[in-house]
Amino acid sequence: MKDYREAMKNKQRIVVKIGSSSLQHPETGDLDYIKLEKLVRQLCDIRNQGKDVVLVTSGAIAAGKKAVGVAGKDLQGDNPLAFKQACAAVGQAILMMTYQKLFAEYNQIAAQILMTKNTIVDDHNRFNAHNTFSKLLEMGIIPVVNENDTIATYEIHVGENDTLIGDNDTLSAIVAALVDADLLILLSDIDGLYTDDPRKNPDAKFIEVVETLTEEYMNMGKASTGSNVGTGGMNTKMVAAKIATCSGTDMIIANSRDVGILHRLISGENEGTLFMAHKDEAFELVDFVNNLHK
């Protein structure tokens with residue numbers, strides 16, 4: 001296991017995903033600026049080490065709902081979905097403006113990329129997205145990625161929609177595959193993978209390393225993380241692990257309680273659950289994404 005963790009020091013292209021519940025004060029729904037600032041500082045420091053960094057971030061809908069005065073409310077009415085999409089449009093601007101200001105404090109340029117399922121399944125769009133990511137990283141810019149919730153609706157309403165991805169756990173793994181990342185780090189509200197939901201079963205055992213992602217491990221992801229802010233439970237993290245490991249990317253699930261954990265993880269410290277990559281030449285990302293919500 002020590003060798004596995006030591007290998008994290010040599011990762012050169014890292015995708016970091018952070019969820020909605022990790023970005024807000026639970027009491028108010030307001031953005032946690034101290035945590036955001038520390039996250040950005042960590043990312044900039046990783047970039048200053050000569051590594052490529054991509055951030056996949058949630059929080060647009062929650063930020064928009066707070067801005068228009070409906071934070072924490074389940075919206076009703078003739079078209080609640082459209083209202084949430086409007087909140088996403090408002091919130092994404094707020095979220096990106098906040099990130100831009102924080103990155104600028106460390107003389108780091110950030111770029112916004114909003115994606116939908118069609119970005120991946122359409123060959124021309126996927127080619128263009130790959131080129132955009134590649135050029136941004138070549139220029140030393142940190143891409144900040146989110147799903148385009150103003151038009152892709154699965155994350156906020158389950159229904160038929162050919163432009164959806166579904167949640168940012170899945171999105172981050174797709175991005176990791178798209179940019180040929182060495183490492184994907186999912187920051188969430190749980191320490192990693194357990195044999196059962198630790199909130200319900202005190203006998204649940206923590207799993208430090210998953211060397212091969214079997215169906216047994218996949219079935220351990222059925223329980224939710226318990227958050228009512230984000231959309232991704234442990235099941236979506238296991239789907240992300242499937243995409244990442246089959247694409248040749250190691251993945252770690254770790255607790256975002258202290259975002260300083262990023263530095264510790266890439267320094268080889270034994271925190272979170274590490275999923276070892278096993279590149280599968282037969283794995284087809286487009287087919288997998290197409291079948292996600294069937």
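Worth a mention:
- Scanning the range 182-200 for residues being assigned to a loop (DSSP other than H, G, I, E, B) and either under 14 Å from Ala241 (Cα atoms) or modelled with pLDDT under 85 (or both) gives a total of 7.
- Extreme residue, farthest from the chain's Cα centre (by Cα), among residues of the range 6-43 that are farther than 16 Å from Asp258 by Cβ and β-branched (Val, Ile, Thr): Thr28
- Residue match in the range 219-234 (condition: open to solvent by less than 30 Å² (accessible area, probe 1.4 Å) and modelled with pLDDT of 90 or more): no
- Contacts under 9 angstrom Cβ, first residue in the range 128-145 being touching a residue at least 24 places away in the same chain (Cβ under 8 Å), partner assigned to a strand (DSSP E or B) and open to solvent by 40 Å² or more (accessible area, probe 1.4 Å), 6 or more apart: Leu137/Arg13; Pro143/Gln112; Val144/Gln112; Val145/Gln112; Val145/Leu114
- Residue selected from the range 245-286 under the condition of a type in the set (Lys, Arg) and assigned to a loop (DSSP other than H, G, I, E, B), by the criterion farthest from Ala173 (Cα to Cα): Arg257
- For Ala60, the requirement of being in contact with a Ser or Thr (Cβ under 9 Å, 6 or more places away or on another chain), farther than 24 Å from Lys135 by Cα, buried (at least 19 other Cβ atoms within 10 Å of the Cβ) and aliphatic (A, V, I, L, M) is met.
Per-residue answers, yes or no, for (1) modelled with pLDDT of 95 or more; (2) in contact with a strand residue (DSSP E or B) (Cβ under 9 Å, 6 or more places away or on another chain):
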residue	(1), (2)
Lys66	no, yes
Lys84	no, no
Ala89	no, no
Tyr106	yes, no
Ile109	yes, yes
Val121	no, no
Gly140	yes, yes
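- Failed criterion for Asn48 (all others in (1) under 17 Å from Val144 (Cβ atoms); (2) open to solvent by 40 Å² or more (accessible area, probe 1.4 Å) hold): (1)
- Pairs are defined by a Cβ separation below 9 Å, a sequence spacing of at least 6 or placement on different chains, a first member in the range 195-209 that is more than 14 Å from Gly221 (Cα to Cα) and touching a residue at least 60 places away in the same chain (Cβ under 8 Å), and a second member that is part of a loop (DSSP other than H, G, I, E, B) and open to solvent by 100 Å² or more (accessible area, probe 1.4 Å); the pairs so defined are Glu208/Met1; Val209/Met1.
- Residue in the range 268-277 that is surrounded by 23 or more Cβ atoms within 10 Å (Cβ to Cβ) and under 18 Å from Thr57 (Cβ atoms) present: no
- Inter-residue pairs, beta-carbon under 9 Å, first more than 25 Å from Ile174 (Cβ to Cβ) and at pLDDT below 95 and in the range 30-58, second buried (at least 16 other Cβ atoms within 10 Å of the Cβ) and among the basic types (Lys, Arg), 6+ apart: Asp30/Lys66; Leu31/Lys66
The values are calculated or read from the model by the stated rules, or taken from the named source; none is laboratory data. In this text the structure is predicted, and so the values were computed from the model without any measurement. Neighbour counts are summed over all protein chains in view; Cβ atoms, including those assigned to glycine, are modelled from backbone coordinates with ideal geometry. To get the accessible areas, we keep the full protein, side chains included, count just its heavy atoms, and leave off ligands, DNA and RNA. Shrake-Rupley method; radii C 1.70, N 1.55, O 1.52, S 1.80 Å.
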